[in-house]
Every structure is written in structure tokens, then in C-alpha cells.
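The values are calculated or read from the model by the stated rules, or taken from the named source; none is laboratory data. Owing to the predicted nature of the structure, the values given are computational and were not obtained by experimental measurement. For neighbour counting, all protein chains shown are included, and Cβ atoms are generated from backbone atoms with ideal geometry for every residue, glycine included.
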């Protein structure tokens, strides 16, 4: 989607997508090596009653869905950060997840008119509607006439 296609209140859906047990263990082994992400047998006996994905991998899953549905082919090039992030419910192997994004604000920078700012809320949801991830992000869009890299 192009920056001009966004408006406050807009809802965007993407997915579903799921992580395999192997993907969860491999990611966690490299980046978040806690036993409830890396050891299925120990995780079965733990407080989550089974293996769960790292919150950081959950963010990656949401990012992939956002890229596929919205950001690929856009003028988006960066983010200055996340206002908040929450992981209220874990993601388990094989669970289909979907992204629901709500556009909160769309505006051009007053000091840099070639810069578009999109503030949006993401929810990564289980099939039954439980949240696995909630965050509020700001995405930057280069609206100058020379911004063509990565656009289709």
C-alpha cells in the first residue's frame, strides 16, 4: 500500500500464519534460549503446559504479515520505535495467527514535508480472538520523488 492509501480508523487484516515447533526451537536457540522456548519436554511440565514462541519471534511473525499485506511496495523505510508492546497470551506451534492493524494517525512531518508518519496499533490474534501480541508502532514513509527503492 502507498502512504496515500492510509487513513485514520482504517482496519487492515493479514494472515493466517503459524510457526512450527522446529521454527520456535531454532529461533529461541539462537535468540531467546529460555527452556520454555527450546525444550519441549521441560516446557510440557512448566507453567505454560507446553512449548511457546518467544515474544520476539511473535513480533517477527506480526512483522512478516504486515510486510506481506501492507509494507512491501510502499514508501516505508524505517520506524523510530514502538510506543508499547504486550504479549498477553503465548503462541504455540501450529496455531494459526492473524494480524489486525488499526491506523491511528496519518500525517506528513511539519519539519520534513517529504516524510510521512503512520501511527498504528497491531494485534496478533489467535483463531478464538485472544491476543498474542499488541503494540503501537510508528512507520516512516519517504514521500520524496526520488524514493523508488523496493517499490513495485
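Numerical summary
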{"item": "Residue tally, condition within 19 Å of residue 76 (Cβ to Cβ) and surrounded by fewer than 16 Cβ atoms within 10 Å (Cβ to Cβ), over the stretch 107-118", "result": "6"}
{"item": "Matching entry among 8, 14 (being within 30 Å of residue 75 (Cα to Cα), under 16 Å from the mean Cα position of the chain (by Cα) and either modelled with pLDDT under 95 or outside any helix (DSSP H, G or I) (or both))", "result": "14"}
{"item": "Inter-residue pairs, beta-carbon under 6 Å, first without any contact (Cβ under 8 Å) to a residue 60 or more places away in the chain and in the stretch 53-64, second in a helix (DSSP H, G or I) and buried (at least 16 other Cβ atoms within 10 Å of the Cβ), 6+ apart", "result": "53/24; 54/28; 54/37; 57/27"}
{"item": "Subset of the stretch 80-95 (residues that are surrounded by 12 or more Cβ atoms within 10 Å (Cβ to Cβ) and either at pLDDT below 95 or in a loop (DSSP other than H, G, I, E, B) (or both))", "result": "87, 89, 90, 91, 92, 93, 95"}
{"item": "Selection status of residue 65, surrounded by 15 or more Cβ atoms within 10 Å (Cβ to Cβ) and in contact with a strand residue (DSSP E or B) (Cβ under 6 Å, 6 or more places away or on another chain)", "result": "yes"}
{"item": "Residue check, residue 74 in a loop (DSSP other than H, G, I, E, B) and either touching a residue at least 60 places away in the same chain (Cβ under 8 Å) or out of contact with any helix residue (DSSP H, G or I) (no Cβ under 7 Å at 6 or more places or on another chain) (or both)", "result": "yes"}
{"item": "Any chance residue 36 is within 20 Å of residue 106 (Cβ to Cβ) and either more than 15 Å from the chain's Cα centre (by Cα) or modelled with pLDDT of 95 or more (or both)", "result": "no"}
